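Report on one structure; see the data block that follows.
Please treat every number below as a calculation from the coordinates, not as lab data. Nothing here was measured: the structure is a model prediction, and the numbers come from that model. Note that each Cβ is placed from the backbone with ideal geometry, even for glycine, and that neighbours are counted across all protein chains shown.
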Amino acid sequence: MSRKPSARAAAQNNAEWCHAFSRTHGIVGRFEKARWSSPVRTPPYYPDAVTLLPEATVEEVLSGIDTGEGCSAKDSFACLDFGAAGFRPLFRAEWLAREPAESRVTPPQGWSAVTTGAQLSEWESAWDEEPGGSGVFRPDLLADATIRVLARYDGGCIVAGAVANRSATVIGLSNVFDTAGDLESAWVAAAAATVAQWGEMPIVGYESGNLLDAAHGAGFESIGELVVWVRALPATGAPAVLMG
């Protein structure tokens with residue numbers, strides 16, 4: 001029997017990740033039936049609202065959040081039009097899923113969970129290719145039992161990584177990177193590292209572009225579409241994509 005998760009389960013998992021990440025910045029979001037949202041602007045690259053059900057309306061999603069310049073909303077089911085509210089699509093992507101494997105997965109060589117603030121800073125530097133990192137990943141993440149920041153070491157340096165977050169029925173995989181550009185291998189190994197942490201559960205995520213192709217090559221299937229909408233991004237210093 002197939003245990004492939006739904007886009008709804010992926011959206012819920014993603015909202016839980018946004019909630020946990022925002023909390024490390026002192027921002028407390030809220031879950032409602034059809035959406036997750038934050039009453040104040042979320043950290044860089046993270047949405048201010050995420051739809052949890054396809055029945056959510058534009059008015060419901062935008063209610064009670066800061067809808068000023070730079071506000072972003074994730075339409076998890078690609079079924080809403082925020083254009084009349086002054087928003088435009090920032091990017092489109094696809095939800096991904098991989099069912100639990102039938103056989104035991106061998107933990108990938110060189111992969112482990114980050115456990116210290118210094119390691120997290122090194123991980124972020126490798127992830128965003130900036131010395132010292134941008135500081136958006138806070139050490140409080142490491143105290144959350146539902147989150148693992150995963151890294152692959154080679155010669156004492158972090159060369160690949162990902163973030164995994166566990167919810168009730170699935171594990172989310174995001175921020176997958178490989179400094180050598182072998183993204184497909186990074187997806188394969190990050191999924192195996194996740195299994196080594198928590199055992200076999202369905203793994204979900206979302207991607208677009210070359211990361212989407214890499215995830216497909218790693219055995220993930222597309223299970224739905226999503227659209228991230230943004231309002232009047234500033235001309236400079238604006239993120240091209242969201243990582244949350």
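The ranking of E69, E200 by Cβ neighbour count inside 10 Å, starting from the fewest, reads E69, E200.
Sorting S72, S125 on the 10 Å Cβ count, fewest up front, what's the list?
Values: S72 24, S125 16.
Ranked by crowding around the Cβ, least crowded first: S125, S72.
In this calculation the C-beta distance from A168 to S63 is compared with R0 = 25 Å, giving a FRET efficiency of 0.45. Out of V159, A191, S37, whose Cα points farthest toward the positive end of the dipole of the chain (charges: +1 Lys, Arg; -1 Asp, Glu; placed on Cβ)? Towards the positive end, the residue furthest out is S37. For region 98-221, the alpha-carbon coordinates run over 39, 30, 26 Å along the three principal axes, in decreasing order. Each of S112, S76 was scored by other Cβ atoms within 10 Å of its Cβ. Arranged with the fewest first, they read S112, S76. As I understand it, the value is the acute angle between the Cα axis of helix 183-198 and the longest principal axis of the Cα atoms of the chain; what does it come to in degrees, rounded to 10? Computed tilt is about 80 degrees. For region 159-172, putting each phi into the Karplus relation 6.51 cos²θ - 1.76 cosθ + 1.60 with θ = phi - 60° gives couplings of 10, 7, x, 5, 10, 10, 10, 9, 10, 5, 10, 9, 10, x Hz, in residue order, rounded to whole numbers and with x for Gly and Pro. Between L90 and V228, W229, V230, the built amide H atoms are under 5 Å apart, and every one of these is 5 or more places off in sequence or on another chain. In this Cβ point-charge picture (+1 for Lys and Arg, -1 for Asp and Glu), the chain has a dipole of about 560 debye about its Cα centre. Taking the DSSP bridge list for the chain and keeping only pairs wholly inside it, about 90 percent are antiparallel. Beyond 26 Å, the tail of the calculated P(r) for the chain holds 36 percent of the Cα pairs.
Given their separation in residues at 0.36 nm each and the Cα-Cα distance between them, H216 and D128 gain 29.4 nm when the chain is fully extended.
The modelled label-to-label distance between A118 and V28, using points 7 Å beyond Cα along the C-beta direction, is 3.4 nm. Overall, region 98-221 carries a charge dipole of about 440 debye about its Cα centre when +1 sits on the Cβ of Lys and Arg and -1 on the Cβ of Asp and Glu, all other atoms neutral.
Please work out whether region 1-89 counts as rounded, prolate or oblate from its C-alpha gyration tensor, where a ≥ b ≥ c are the square roots of the eigenvalues and a/c under 1.5 means rounded, while otherwise a/b larger than b/c means prolate and anything else oblate? Note, shape of region 1-89 comes out oblate.
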